[in-house]
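Below is one structure; the comments refer to it alone.
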Amino acid sequence: MQILIAGHGYLGQPLAEHLAAAGHEVVALTKHEPSESDHRTYPVHSCDVSNRQEIADLNTSPDAIVHCASSNRGGPDAYRAVFRDGIRNLSSHFSGIPVFLTSSTSVYPQTDGSVVTEESASKPDRETGQILREAEDMLLGNGGTVLRLAGIYGPNRSVYLKRFLEGSATIESGEVSRFLNQIHVEDAISAIHHLLDRPALAKSQIYNVTDGNPITQRACFEWLAEHFDKPVPPESPADMNRKRAWTNKQISNEKLKSAGWKPEYPDFFEAVKHDPELVLSLREVSSESD
């Protein structure tokens with residue numbers, strides 16, 4: 001089975017390596033010129049998914065496509081190019097080929113701490129979220145699969161653990177303690193692989209990809225303080241203008257679990273305790289920023 005990975009970054013690169021190791025033929029795309037380190041056991045090509053001609057020039061015939069290209073923290077224009085135009089170009093050129101989009105749980109606007117499933121309202125207030133939903137609807141209309149990923153963390157990436165270790169963390173003050181929904185990068189990869197191998201369960205479906213055990217921001221930092229025997233971070237006003245919008249919800253992964261998947265790290269605390277590379281890598285990053 002040949003799988004085209006559109007996006008070779010924090011998620012796309014280990015996903016490509018994982019699928020190649022599992023015996024799949026993998027071709028990866030990156031917007032930038034591939035470096036020597038990009039070339040592993042599979043080819044990596046320079047290709048901007050928002051450019052229709054560059055997609056048309058690809059000499060590959062995939063059996064499935066995973067769109068995990070990043071907007072690189074860009075605004076609406078970047079979202080249109082990467083997600084809306086990227087999905088349109090891939091779906092058009094590779095007509096009939098299953099496409100999997102790694103979307104985001106940020107499309108859920110709930111602020112009341114409620115449990116959110118794939119059936120819950122997903123009408124984001126922000127323009128970037130609205131563009132993401134447009135890309136989702138376009139893909140679902142073509143029989144594709146939408147994977148709404150919670151906040152991805154793992155080695156070299158965890159905003160909460162990094163801030164705690166470097167001493168810049170603060171706990172949001174007020175009566176509401178916002179829920180954090182997360183997924184370890186290795187579990188995100190296993191979920192994608194699980195559905196790639198089960199096309200009948202994936203076609204025209206939305207799946208929430210999260211560990212299913214949301215924790216409050218306060219509980220997160222209080223646990224880290226106890227675990228590392230450090231002071232509890234001070235309180236500060238909540239940032240209501242966060243890039244991903246201020247939301248408060250508990251994302252359910254029951255649909256994905258009912259499809260036969262389960263995470264290796266059932267919650268953030270288990271990952272901190274049992275993934276040594278997670279803590280080690282962020283200790284190094286934190287010490288470099290001192």
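Share of antiparallel DSSP beta bridges in the chain, in percent to the nearest 5?
Approximately 10 percent, going by the DSSP bridge assignments.
For each pair in LYS162/LYS203; LYS123/LYS257; LYS123/LYS203; LYS123/LYS230; LYS249/LYS273; LYS31/LYS249, compute the distance between the two Cα atoms and list the pairs where it is over 29 Å.
LYS162/LYS203; LYS123/LYS230; LYS31/LYS249
Calculated FRET efficiency, ALA121 and HIS18, Cβ-Cβ r, R0 41 Å, to nearest 0.05?
0.80
Normalising by the residue count of the stretch 181-279, find the relative contact order in percent from Cα pairs under 8 Å and 6+ residues apart.
40 percent
Where does each of 226-238, 156-168 land if you order them by average Cβ count within 10 Å, highest first?
Output ranking for 226-238, 156-168: 156-168, 226-238.
Restricting to the stretch 103-236, what percent of DSSP beta bridges are antiparallel, rounded to 5?
In the stretch 103-236, approximately 20 percent of DSSP beta bridges are antiparallel ones.
Readers should treat all values here as calculations from the given coordinates under stated rules, not as data from a laboratory. Keep in mind that this is a model prediction, so the values were computed, not measured. Note that each Cβ is placed from the backbone with ideal geometry, even for glycine, and that neighbours are counted across all protein chains shown.
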